[in-house]
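Encoded as structure tokens, the structure appears first; notes follow it.
A short reminder: the numbers here are calculations on the coordinates, not readings from a lab. All of these numbers come straight from a predicted model, not from anything done at the bench. Every residue, glycine as well, gets a Cβ built from its backbone with ideal geometry; the counts of neighbours run over all protein chains shown.
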Amino acid sequence: MLSRIGTPVLLAASLVLSACNGIQFSSNLEPYVEDRIKTRMVREYSISDIDQYNATTLGFVDASYCQDRVDDRKASKSQLVRDLKLRTKNLGGNGLVVEACGTGAIAGCYSYMECRGVAYSVPERKGDSTPPTTARNAF
């Protein structure tokens, strides 16, 4: 049997729990997490690596970043390559060859960097569970 104190506590707990039923929590992290997952699905290849596959060229991709305020983050190649990978995934691809990245002087930018590459659809080969060596060219 429930005690006199136990019944009100049980009733209060059930009211609180049922009041929360159907509540959904969301955050602004969802697009960020989704993009990070997409970029992990795209492998970076060198030109010589991509030639070993029967890959289909999907098109050119490019990304750029302008640091327009002194207290903003500076342009980074790694961020721009992530942007290229996201663009590649959005084209339906899973492979990327980064052709070039470079910095330049653009009016209104404290620092400016752009990268360009080619997006590919690369067929998975049996036993190909490890990604090829990532191209790390100095630009």
Quiz item: Where does each of 106-116, 50-60 land if you order them by average Cβ count within 10 Å, highest first?
Solution: 106-116, 50-60
Quiz item: Which order do 86, 91, 96 fall in if you start with the one that has the fewest other Cβ atoms within 10 Å?
Solution: 91, 86, 96
